[in-house]
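Q: Can you keep this structure in mind? I'll have questions shortly.
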Amino acid sequence: MTAAVRSGNGDRHSGYDATWFAAAHSKNLKHQQIVNTVVCEKKVTLYRTADGVVHAINPVCPHLGASLGHGRVEGDNIRCPFHGLAFNPEGRCVEVPWGAPPIRPSVQHYRVHENNGFIYVWVSETEPAWTPLHLDRSPFTYAVTWEATISASPRDMVENAPDYQHFAALHTMEAPRRTAPTVFEKHVMSIRLNAAGFWVNYPTLASLNAEGTGLIHAHVTMPRTAFRLLEIVTQTPADQGTSVLRVATYANATTFLKGAARKGADRLVSHLAHWGATHQMKRDIFIWAHRVYPEHAHLTKGEEDIAALRRWMRQFDEAAPQPDPPPAA
Ligand code: FES
Ligand SMILES: [Fe+2]
């Protein structure tokens, strides 16, 4: 559900939940391990079976309510820590330790999708019509990954990209020039712009694609240099007023090198790009923590893409459609 005004600071999540949200970096869930997290105020337990398949469940044990998130993975099954009942990957009870017949109720599973180094879950009761695109990470040999819990509205991150007018004031960049019209098509928003000044004051061609409200990937190049970057940024509503940002930064600039020299250079360039991007993102995070996200914004000429974004976002709202935001003046 959405309300008239909702802040990112202490308010509940937005209700724009009919989308894939990252629940973990893949590397943080090893075989036969469990990760507990919160997505859209719902407890979600992830576990990876012995053969590497990830499952996402509501951790409440259907026997007497203990948390399966504190249990253990045995082969393909998860076993509850309280009385030891075991549940298979379909959620069905397959063993009661004292030999009684298995109980009938099942563990509730969420849809889960793993690609590009992230584990995504779909906790909405709606049916997903898409899954996150596979991205070609083969040009890269190294990624910097991080995650942080922040105070923000779930819509702050996705609105950050088409809000071009904040780039100069907040990020001290040149006003970015779009190199192509912004495209909103189905669940994808595509932005092409020259973001000179993001790292250095040099032409910086960025291709930003949002898939739903929780995932943006950016491809960045600098003409006449070999610099190339892929950054995957996810924002996941967690508990009231908080979101978890999970980011992976891949970069390189010296593909002519080979072997260990190439890996070392990629590592250095990725860390430099990560440092620069985080430096800028911290400015956004500060604004989001103190911002009241207005449902009806007073937009000016030059902010048409924010209005278009807000119309596009309604497809992810589980609640009733909202009225159109006012057109730009
Ligand atoms: S509560 Fe899980 S086995 Fe009893
Ligand atoms: Fe920003």
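The values are calculated or read from the model by the stated rules, or taken from the named source; none is laboratory data. In this text the structure is predicted, and so the values were computed from the model without any measurement. Here the Cβ is made from the backbone with ideal geometry for all residues, glycine too, and neighbour counts use every protein chain on show. Just the protein is used for accessible areas: all its heavy atoms, side chains included, with ligands, DNA and RNA removed. Shrake-Rupley method; radii C 1.70, N 1.55, O 1.52, S 1.80 Å.
Q: Residues of the range 250-287 with amide nitrogen under 19 Å from the 7 Å Cα-to-Cβ point of GLN165?
A: Hits in the range 250-287 for GLN165 at 19 Å: 284, 287.
Q: Please state the charge dipole magnitude for the chain, taken about the Cα centre, from unit charges on C-beta atoms (+1 on K and R, -1 on D and E), reported in debye and rounded to the nearest 20. Display every interim value, and only then the final one.
A: Working: 32 positive and 30 negative charges, 193 e Å.
Computed about the Cα centre, the dipole is about 920 debye.
Q: Working from the pairwise distances between different alpha carbons, so that the mean of 1/r is found and then inverted, what is the range 76-127's Kirkwood radius in Å? Display every interim value, and only then the final one.
A: Working: mean 1/r = 0.0781 Å⁻¹.
Answer for the range 76-127: a Kirkwood hydrodynamic radius of 12.8 Å.
Q: Continuing with the same structure: Leaving out ligands and nucleic acids, note down the accessible area per residue over the range 143-312 with a 1.4 angstrom probe, in whole Å². Write out the running numbers ahead of the final one.
A: Values: 7420 Å² over 170 residues.
Normalised by residue count, the accessible surface of the range 143-312 is 44 Å².
Q: Using a simple charge model, +1 on the beta-carbon of Lys and Arg, -1 on the beta-carbon of Asp and Glu, nothing else, what dipole does the range 143-312 show about its Cα centre, in debye to the nearest 20?
A: Details: 18 positive and 15 negative charges, 136 e Å.
In total the dipole reaches around 660 debye.
Q: Okay, next question. State the percentage of accessible surface on the range 15-126 attributable to carbon and sulfur atoms; use a 1.4 Å probe and exclude ligands, DNA and RNA. Working shown, then result.
A: Working: 2500 of 4900 Å².
Reported share for carbon and sulfur atoms: 51 percent.
Q: Related question: Using only Cα atoms, locate the centre of the range 237-279 and the centre of the range 94-139, then give the distance between them in Å, rounded to an integer.
A: Cα centroid of the range 237-279 versus Cα centroid of the range 94-139: 28 Å apart.
Q: Just the number, please: carbon plus sulfur as a percent of the accessible area of the range 187-259, 1.4 Å probe, no ligands or DNA/RNA counted. Display every interim value, and only then the final one.
A: Details: 1530 of 2430 Å².
It is 63 percent, rounded to a whole number.
Q: Would you mind pulling out the separation of the Cα centroids of the range 50-80 and the range 142-196, in Å?
A: 37
Q: Can you tell me the dipole magnitude for the range 58-174 around its Cα centre, using point charges on the Cβ only (Lys, Arg +1; Asp, Glu -1), in Debye to the nearest 20? Display every interim value, and only then the final one.
A: Numbers: 7 positive and 13 negative charges, 110 e Å.
Using only the charged Cβ atoms, the result is roughly 520 debye.
Q: Set the Förster radius R0 to 35 Å, insert the Cβ-Cβ distance between LEU205 and LYS301 as r into 1/(1 + (r/R0)^6), and round the FRET efficiency to 0.05. Working shown, then result.
A: Values: r = 25 Å, r/R0 = 0.72.
Taking R0 as 35 Å, the efficiency between LEU205 and LYS301 is 0.90.
Q: With unit charges on the beta carbon (Lys/Arg positive, Asp/Glu negative), name the residue among HIS274, VAL53, GLY117 whose Cα is farthest towards the positive pole of the charge dipole of the chain.
A: HIS274
Q: Can you classify the range 143-312 as rounded, prolate or oblate using the Cα gyration tensor, where a ≥ b ≥ c are the square roots of its eigenvalues, rounded means a/c under 1.5, and otherwise it's prolate if a/b beats b/c and oblate if not? It would help to have the intermediate numbers written out before the result.
A: Values: a/c = 1.93, a/b = 1.45, b/c = 1.33.
Prolate shape, in that a/c is at least 1.5 and a/b is the bigger ratio.
Q: Points 7 angstrom from Cα along the Cβ direction at LYS43 and ASP136: gap in nanometres?
A: Each label point lies 7 Å from its Cα, and together they span 4.4 nm.
Q: Once the Cβ-Cβ distance between ASP51 and ARG262 is put in as r, and R0 is 41 Å, what FRET efficiency do you end up with, to the nearest 0.05? Walk me through the intermediate numbers first.
A: Details: r = 33 Å, r/R0 = 0.80.
That pair, ASP51 with ARG262, gives E of 0.80.
Q: At 7 Å along the Cα-to-beta-carbon direction for both LYS27 and ARG178, put a label point, then send me their distance in nm to one decimal.
A: Spacing of the two 7 Å Cα→Cβ label points: 3.6 nm.
Q: Then there is this: With no solvent and one equal point scatterer per Cα, compute the Debye intensity ratio I(q)/I(0) for the chain at 0.08, 0.10, 0.14, 0.15 Å⁻¹ and report its log10, rounded to two decimals.
A: For the chain, the Cα-only Debye profile gives -0.42, -0.64, -1.12, -1.24.
Q: So, one more: Could you give the Stokes-Einstein D for the range 13-122 in µm² per second, using the C-alpha Kirkwood radius, 20 °C, 1.002 mPa s? Walk me through the numbers before you get to the answer.
A: Numbers: Rh = 14.1 Å.
After rounding, the answer is 152 µm²/s.
Q: If packing is taken as the mean number of other Cβ atoms within 10 Å per residue, what is the order of 84-90, 70-76, highest first? All intermediate terms of the calculation are to be shown ahead of the outcome.
A: Numbers: 84-90: 19.0, 70-76: 16.4.
The densest-packed peptide leads the list: 84-90, 70-76.
Q: Given a cut-off of under 8 Å on Cα pairs at least six residues apart, what relative contact order in percent is computed for the range 143-312?
A: Values: 312 pairs, mean separation 42.9, N = 170.
Dividing the mean separation by the residue count of the range 143-312 yields 25 percent.
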